[in-house]
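What follows is one structure encoded as structure tokens, with my remarks underneath.
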Amino acid sequence: MRIIFLGPPGVGKGTQSHKLVDSLYIPHISTGEMLREAIRQKTDLGLKVAAQMEGGRLAADEIVVQLVRQRLAQPDCRNGYLLDGFPRTLPQAASLDLALAVDDEAIDAVLNLTVDEDELFRRLMDRAKKEDRGDDNDETIRKRMEVYDDMTSPLIKYYHDQQVLHRIDGLGTVDEVFERILAVLKKVQQ
Ligand code: B4P
């Protein structure tokens, strides 16, 4: 299966992706993790995106698109994958569609996780206490939510129009949300 996780920052995309790939045996492709790793390793790419990410902005489309294209070309992606946090803009989505069309492939499901803004804020401030992420602080979280509304939320209509969008309530325990996701995927596979 080819699956996309969509949703605002802190909604639980990363958390649910890790559980899902363990049960579906497909690779987990998280652009957030790839970019953070590039920053940690101080690669040329990492140096280019560090300031944008720490300010709560998105990395440039060209950079992320190239990163994902290279990853999807690897043999372990041949039978499916889970994209976590990509695409995040309409141009990223269009470039993914173009790449898929070349091989006559398509996305099977876009899982749109939703949680209200207060809960998102609470989760991200909680994560800030546990993990050392440069983008989890009051000001940056607000900026990321703004960026999500402007740049990423238009993807909801984009994938709704392609009839692959599934809304999933992200409120509840991690296991409760996971059960909802499995139920949706079961229907998609039928
Ligand atoms: P990401 O790494 O994608 O992370 P995120 O959106 O902040 O969080 P996620 O939704 O994965 O939340 P998580 O499971 O951790 O992006 C980071 C940055 O990378 C972006 O802002 C951007 O700058 C850059 N970037 C990434 N992709 C890009 C792209 N395509 N283009 C350009 N730039 C890109 O959950 C959050 C917290 O909630 C955790 O502490 C978790 O334990 C907790 N939690 C999860 N589920 C819960 C539940 N059910 N109940 C209570 N707590 C829960």
Please specify each residue of the range 144-168 satisfying the condition of being within 13 Å of the ligand (Cβ to nearest atom) and either buried (at least 16 other Cβ atoms within 10 Å of the Cβ) or of a type in the set (Val, Ile, Thr) (or both). ARG144, MET145, VAL147, TYR148, MET151, THR152, LEU155, ILE168
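Step by step: first the residues of the range 20-29, then only those that are part of a helix (DSSP H, G or I) and crowded, with 16+ Cβ neighbours inside 10 Å, then the one that is nearest to the ligand (Cβ to nearest atom). Which residue is that?
To start, the set of residues in the range 20-29 that are part of a helix (DSSP H, G or I) comprises 20-24.
Next cut, crowded, with 16+ Cβ neighbours inside 10 Å only: 20-21, 24.
Working: LEU20: 12, VAL21: 13, LEU24: 17 Å.
Applying the filter and picking the extreme gives LEU20.
Could you pull out the residue among VAL49, VAL68 that is within 8 Å of the ligand (Cβ to nearest atom), surrounded by 15 or more Cβ atoms within 10 Å (Cβ to Cβ) and under 24 Å from ALA101 (Cβ atoms)?
Details: VAL49 fails: under 24 Å from ALA101 (Cβ atoms).
Result: VAL68 is the single residue among VAL49, VAL68 that is within 8 Å of the ligand (Cβ to nearest atom), surrounded by 15 or more Cβ atoms within 10 Å (Cβ to Cβ) and under 24 Å from ALA101 (Cβ atoms).
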Only residues that are of a type in the set (Val, Ile, Thr) and surrounded by 20 or more Cβ atoms within 10 Å (Cβ to Cβ): list them for the range 90-114, please. VAL110
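Please verify whether GLY7 is in contact with a Ser or Thr (Cβ under 7 Å, 6 or more places away or on another chain) and either surrounded by fewer than 17 Cβ atoms within 10 Å (Cβ to Cβ) or in contact (Cβ under 8 Å) with a residue 12 or more places away in the chain (or both), treating the condition exactly as stated. Spell out the reasoning first.
Working: in contact with a Ser or Thr (Cβ under 7 Å, 6 or more places away or on another chain): yes; either surrounded by fewer than 17 Cβ atoms within 10 Å (Cβ to Cβ) or in contact (Cβ under 8 Å) with a residue 12 or more places away in the chain (or both): yes.
The answer is yes for GLY7.
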Exactly one of these conditions fails for GLN70: (1) in contact with a helix residue (DSSP H, G or I) (Cβ under 9 Å, 6 or more places away or on another chain); (2) of a type in the set (S, T, N, Q); (3) without any contact (Cβ under 8 Å) to a residue 40 or more places away in the chain. Give me its number. (1)
Mind checking which helices (runs of 4 or more DSSP H) fall wholly inside the range 93-184 and carry at least 2 residues that are in contact (Cβ under 8 Å) with a residue 24 or more places away in the chain and more than 24 Å from ARG69 (Cα to Cα)? 117-130, 138-147
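Bear in mind that the values in this text are calculations on the coordinates, not laboratory data. Bear in mind the structure is a predicted one, so any value in this text is a computation, not a measurement. We place every Cβ from the backbone using ideal geometry, glycine too, and count neighbours over all the protein chains shown.
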